[in-house]
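Trainee: Quick one: structure below, then a few questions.
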Amino acid sequence: MAHTRKIAIGLGDPAGIGPEIALKAALDERVTRVARPLLVGDKGAVERHARASGLAPKLVAFKSASEVDWSRDGVLMIDLDQFRAEPLELGKVKAAHGRAAVDAARVAIEAALAGEVDAVVAAPQTERAIKEAGISFDGYPSFVARVTGTPVEDVFLMHCFDDKRIVHVSLHVSLARAISLVTEARVLKAVRAAHDTLTRLGISSPRLCCSGLNPHAGEEGMFGQEEIEIIEPALEAARHAGIRIDGPFGADTMFHREGYDAFVVMFHDQGHIASKLMARNRIAGLAIGTPVLFSSVAHGSGLDIAGQNKASAEAMVEAVARLVGAAEKRKAA
């Protein structure tokens, strides 16, 4: 069977549901029909989650992406052999688990940079475990930026589900910091990144919708001046550059508007609350603005249900599908 795209899947936190949903996605016909998955992480962790899920996959392990024999049958993986020094403890927050998640994502991204794979999906990590490992981490988009040498301020998160796409001007920062990041230059960068990504995905003339920062988008200055002084000038600059964008609108009603290819929001909760209400546990998070096609799942590491065969792989399947579509468009360009 011919597989059109090679997708590396970082296992995320091995003490959570990451290996379980990564393996389930790698075995899912919706994935194998369009892509050849390559798991990246600890083989022993995958085997442990497989047993707990009643699965018995044929795992074919390699030491690096350059050594992978894509003609082999079975579930291919890069085995990072991460638990020689101490055992994996499901459901626990440990520095070793945080390092494992970060290392798996890094190796997968580096494989994409080297052209060994077409795109990368990362399973959920546990930020507390990464912090215990002493690693600076504030989300996958900025991590991808650092690994690829892309300025962090040029990378944004796009939530994707059904026909909806939501781009965030800021992400994992305090609300005070998020407000300070609402500048004309950054809003314009987010709008441009959204437009360019949609064009790359094959939408010839994307139509965008943008939120305000304040309640009711400031209500003509009654609830704040940011819309008048910052957001509207950024949108006008985008229009002068040929980008079709409307707004700013109140974030509480904006998502009811029809006919838009993507929505741009100012901070984390404006986008995340809407997407998680509309598409719980089946959202793909696409990092846009980097040279690597990278997606993650928009749910947590599920430490409380790790090793219980309770995790759904729907968001992981969705993430792979989104990346395969993007890779196809990039290849054709």
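Trainee: Out of the residues in the range 1-40 meeting the condition of being assigned to a loop (DSSP other than H, G, I, E, B), more than 17 Å from the chain's Cα centre (by Cα) and of a type outside the set (G, A, S), tell me which one is surrounded by the most Cβ atoms within 10 Å (Cβ to Cβ).
Mentor: The qualifying residue surrounded by the most Cβ atoms within 10 Å (Cβ to Cβ) is P14.
Trainee: Oh, and also: Determine which single condition C160 fails, assuming it passes every other condition in (1) part of a helix (DSSP H, G or I); (2) modelled with pLDDT under 90; (3) within 11 Å of I288 (Cβ to Cβ).
Mentor: (1)
Trainee: I've got another one for you. Quick one: in the range 224-270, of everything that is in a loop (DSSP other than H, G, I, E, B) and polar (S, T, N, Q), which residue is nearest to the chain's Cα centre (by Cα)? Outline the logic, then answer.
Mentor: In the first step, residues of the range 224-270 are kept if they are in a loop (DSSP other than H, G, I, E, B); the result is 224-225, 241-243, 250-253, 257-261, 266-267.
After this cut, where a residue has to be polar (S, T, N, Q) as well, the list is 225, 253.
Working: Q225: 32, T253: 25 Å.
Ranking the candidates gives T253 first.
Trainee: Evaluate the following for V75: is it in contact with a helix residue (DSSP H, G or I) (Cβ under 9 Å, 6 or more places away or on another chain), crowded, with 16+ Cβ neighbours inside 10 Å and outside the structural domain of R207 (by TED's automatic domain parsing)?
Mentor: yes
Trainee: Please pick out the residue among G285, G221 that is part of a strand (DSSP E or B) and modelled with pLDDT under 95. Outline the logic, then answer.
Mentor: Details: G221 fails: part of a strand (DSSP E or B).
From the options G285, G221, the qualifying one is G285.
Trainee: Here is a further query. Which condition number does I179 fail, the rest of (1) in a helix (DSSP H, G or I); (2) buried (at least 19 other Cβ atoms within 10 Å of the Cβ) being met?
Mentor: Looking at each condition in turn, I179 falls short on (2).
Trainee: What is the one condition in (1) without any contact (Cβ under 8 Å) to a residue 12 or more places away in the chain; (2) more than 29 Å from T148 (Cβ to Cβ); (3) not polar (S, T, N, Q) that G242 does not satisfy?
Mentor: (2)
Trainee: Pairs please, first residue from the range 263-274 and of a type outside the set (A, V, I, L, M, F, W, C), second anywhere and in a loop (DSSP other than H, G, I, E, B), Cβ atoms under 7 Å, 6+ apart in sequence or on different chains.
Mentor: So the pair list comes out as H268/S170; H268/L171; H268/H172; Q270/A251.
Trainee: Go over the candidates A61, A100 one by one and state the one that is part of a helix (DSSP H, G or I), over 18 Å from A313 (Cα atoms) and in contact with a strand residue (DSSP E or B) (Cβ under 8 Å, 6 or more places away or on another chain).
Mentor: Answer to the check: A100.
Trainee: Consider G54 carefully, then state whether it is in contact (Cβ under 8 Å) with a residue 40 or more places away in the chain and either part of a helix (DSSP H, G or I) or buried (at least 17 other Cβ atoms within 10 Å of the Cβ) (or both).
Mentor: no
Trainee: State which residue pairs qualify: first residue polar (S, T, N, Q) and inside the range 68-84, second residue surrounded by 11 or more Cβ atoms within 10 Å (Cβ to Cβ) and in a loop (DSSP other than H, G, I, E, B) in any location, beta carbons under 9 Å apart, and separation of 6 or more residues or different chains.
Mentor: Short answer, once both residue conditions are applied: Q82/P14; Q82/D42; Q82/L88.
The values are calculated or read from the model by the stated rules, or taken from the named source; none is laboratory data. All of these numbers come straight from a predicted model, not from anything done at the bench. Ideal geometry is used to build each Cβ from the backbone, glycine not excepted, and the neighbour counts take in all protein chains shown.
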